[in-house]
Amino acid sequence: MTVKSKEKTSRRRAFRLVGLGLIMLGCFIRVLDPYPVRMTRLIYFDILQRISPREYNPDLPVRVLDIDEQSLANWGQWPWPRTLLAQMVQNLGENGAAAIAFDMLFVEPDRYSPARLLNDPALDGVLTVERHAQKVDYDVLFGLEVAHWPVVMGTAARHASEGSRMTAKAGIIEIGESPTSGLISVPHWTPIAPPLGRSAAGIGGVNVSPLGGTGVIRSVPVLWGGPEGALPSLGIEALRIALDAPYILVEGSSDEAGIVLAVEIGDFRLPTTENGEVWVRYRRDQPDLYLSADAIMQNPNDPDLRSEIEGRIILVGTSAAGLFDMHQTSLGESVPGVSIHAQILEQILTGEMLSRSDVTAALELLSFVLLGLIVIAVMSSFGAVTSFVAGGVAAAVVLGTSWLAFQNQLVLFDVTFPLMGGMANFGLLAGYLFISTEREKREIRQVFSHYVAPEILDEMELSGHRLQLGGETQEITVMFSDIRGFTPLSESVSATDLVTLLNELFSQLGDQILHERGTIDKFIGDAVMAFWNAPLPVEDHPCRAAHAALRMRAALTEFNESEAMRDRQPIALATGCATGWACVGNIGSRSRFNYTVIGDVVNVAARIEQNCRHVDYDILVSASVNNAARFDLAMLEAGFVDLKGKSDPEPVFVLVGDKSLAETEGFQTLQTAHEHLIAAIRDRNAQDEVSELCAECTALSEIVEPGLKRFYRALPGRMADFRLDAQTTRVEFSHRGTLRKVAGIRATS
């Protein structure tokens, strides 16, 4: 295994470990089940019900006798005299009600009873009551009427330190390890005014939420844990009375105390939470559910009214605004508390009971783990985009499963934690992957910045430049620069010091190339190759390459004067530049390739650099560079040189300086003298005249560029380079060094 593959495997392993750590953290949070997680789950269950609420069935034997605003207007403010309530019970009973349950409290004795009115000091001497009625107690009358019919009285939980002893009239049979010990506990119950508690067929709790509970009513206890034992809720007790069932069966866990699994009443089985609550399967509030109390009091013999009462469970409650018995449902509606009791009875009768067990919660946790593993596996192998798609598909499957479970099985399967947890894992892992990728990108950029100018790197990133095997043909400028005097230097220092010196030198030379937007192709021993106009276009690339050569000359002068070169022979450079067409791109195998150039221009630049020794000058450029940049640089004609592998001699030029030097009077004087010298050589003037002109140019070069002195000293021995003998071609030069080819003319000696 290569080092690269080992590093890749190590990064992938680290990524997966981070992902597994996030999954474990998510599982821990789910087990703790903090308030935000719990509320998000409940809101999702509300959304499910809002999308698909339960349908209302008017044939169900449940109705609400509503003490509404009309009833209060016709029969007086609440509370009504108990005799009026006794008449209401009688009318309901005679119309065949299967059970009558009061979702209201009768805590205090009736203040309208004559015995109480006579004892009221405020009415002393004002109120006169016949002797036979002086001891009439309306509570007793109400109790006598209640005893004749299947009536359930309501009681409520209270925080007071004292309360009434409240024992369920239903028999409570427990199966399992004391399941009722885990019911929601009630400190005390409100008392029921005597003799109503004794007269009633049943007693039930009217609360739809635990003490202190506010907000949306999503689940309601069907059994309460009171000081004297379990007590059924109002609706459950009304159902028991209507079924004439003597007991309520509580099914619990066989191996753990305080766990309620289900409650059975007659033939009906209610799956519950472990503390005895049922999830309310809501429907939209329907006016058909309600019967006005005013109607039963005004027209007790109405056949239509009897058809709505006979054989049905009648829950007596109020929707009057002033009596404050309104609650919020999962559907976003405000309904009377008695309506919630009625809806629980409806779903029991239709069997539409929502369920949510520990197995469901475990499957939710498993879904979260599976989603996390999918994200980890796909992202570590294929990246963030693919993992997002794969995670999205998996999330859609989980969401679809939840919906089907709700629609078909009435199972509340939470997808919020798997989805939100999965999204959190994806975001954190994508962030981790992004940081890792950015770190690698910075490392690659740092390495690549040694070869390409930073601004070119920026342009490549902005343009989305991608490296791929293959290349394209385009015009480029190539530079070869070789160290002169390297052999003596290598003999005078150790190999380690030599590497240090080369690294320092190449760093300084490379900076000049990058400064001029060049691309460093490679370092070849003591030489460097660079090119311009790739990978991104550089408009004035011949001029840029020439300026880079001039900057390298200046950098070399500073390097030779540095502390590193003290007591050592100075180093010289030979640089050649050429412009032409070449194939630029990634060349090599599919698994390993280099970004480089291939073409004749590369060979020309390399051979021109080799001829620096022959011309005895440090920077030579081709005619193509001269043609492209002659107005921006100071260059002088250097004759024709033989290039290895080329059949015809190649014209070259010495690069003296930049445009600022070209515009100086000294260079222009030198240029004129140089042209006279070249003309004298071509015209085969006398040797003395040529020598005199050469001496003049040497003297002028002293103030322009001292390095030209060697060039001019070598010129008398190179006069043949300026006289081209060929069979078919004669090359003439204008005074600006412009190359013209005239075919078919034979040059003479």
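Please treat every number below as a calculation from the coordinates, not as lab data. Predicted model, so just to flag it, every value in this text is computed and none were measured. Because the Cβ atoms are built from the backbone with ideal geometry, glycine has one as well, and the counts that use them run over all protein chains shown.
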- If every Lys and Arg gets +1 and every Asp and Glu gets -1 at its Cβ, then about the Cα centre the range 62-350 yields a dipole, in debye to the nearest 20, of 320 debye
- Note on the structure: Surrounding charge for C612, neighbours by C-beta under 10 angstrom, Lys/Arg +1, Asp/Glu -1, total -2
- Task: Have a look at M166, V601, I203 and report the one farthest towards the positive end of the charge dipole of the chain, computed about the Cα centre with Cβ charges (Lys/Arg +1, Asp/Glu -1).
- Result: V601
- Query: Can you give the FRET efficiency for R12 and L370, using 1/(1 + (r/R0)^6), R0 = 22 Å, r = Cβ-Cβ distance, to the nearest 0.05?
  - Reply: 0.65
- Among Y112, Y290, rank each residue by its count of other Cβ atoms within 10 Å, from fewest to most, as a rough exposure measure. Y112, Y290
- Any idea how far apart D59 and E177 come out in nm if each label point goes 7 Å out from Cα toward Cβ? 4.5 nm
- Number of Lys pairs in the chain closer than 28 Å at Cα, excluding neighbours under 8 places apart unless interchain, is 14
- Message: Could you order the peptides 100-106, 507-513 from most to least packed, using the average number of other C-beta atoms within 10 Å per residue?
- Response: 100-106, 507-513
- Charge sum, other residues only, whose C-beta stays under 12 Å from I703's C-beta, Lys/Arg counted +1 and Asp/Glu -1: -2
- Query: So for the chain, taking the charge dipole from beta-carbon charges (+1 Lys/Arg, -1 Asp/Glu), which of L502, P58, L412 sits furthest toward the positive end?
  - Reply: L502
- Message: Need one number: nm distance between label points at L144 and Q407, each 7 Å from Cα along Cα→Cβ, rounded to one decimal.
- Response: 6.0 nm
- Note on the structure: For 384-395, 263-274, ranked highest to lowest by mean beta-carbon neighbours within 10 Å, the order is 263-274, 384-395
- Starting from the Cα of R38, step 7 Å toward the Cβ, then list every residue of the range 170-200 with an amide N under 19 Å from that point. 182-187
- Message: I'd like the Kirkwood hydrodynamic radius of the range 62-350, using the inverse of the mean 1/r over distinct C-alpha pairs, in Å.
- Response: 19.7 Å
- Message: Can you order the peptides 648-659, 360-371 by their average number of other Cβ atoms within 10 Å per residue, highest first?
- Response: 648-659, 360-371
- The residues T672, T496, T477, sorted from fewest to most surrounding Cβ atoms within 10 Å, come out as T496, T672, T477
- Task: Counting residues in the range 209-266 as N, plug N into 2.2 N^0.38 Å and put the Cα Rg over that result.
- Result: 1.26
- With +1 on each Lys and Arg Cβ and -1 on each Asp and Glu Cβ, and nothing else charged, work out how big the dipole of the range 289-448 is about its Cα centre, in Debye to the nearest 20. 1060 debye
- Diffing the range 236-250: the Karplus 3J(HN,Hα) column from phi (6.51, -1.76, 1.60, θ = phi - 60°), in whole Hz with x for Gly and Pro, holds 5, 5, 5, 5, 4, 5, 5, 7, 6, 8, x, 8, 10, 9, 10
- Potential extension, L249-T500 segment - 0.36 nm per residue separation minus Cα distance: 81.2 nm
- Diffusion constant of the chain at 25 °C, which comes from Stokes-Einstein with the Kirkwood Cα-pair radius and 0.890 mPa s, µm²/s: 69 µm²/s
- Evaluated at 20 °C with a viscosity of 1.002 mPa s, what Stokes-Einstein diffusion coefficient in µm²/s does the range 1-104 have when Rh comes from the Kirkwood expression over alpha-carbon pairs? 102 µm²/s
- Message: Nothing charged except the Cβ atoms of Lys and Arg (+1) and of Asp and Glu (-1): what's the magnitude of the dipole of the chain about its Cα centre? Round to the nearest 20 debye.
- Response: 2180 debye
- Query: Applying 1/(1 + (r/R0)^6) with R0 = 51 Å to the Cβ-Cβ distance of V385 and D358, what FRET efficiency is obtained, to the nearest 0.05?
  - Reply: 0.85
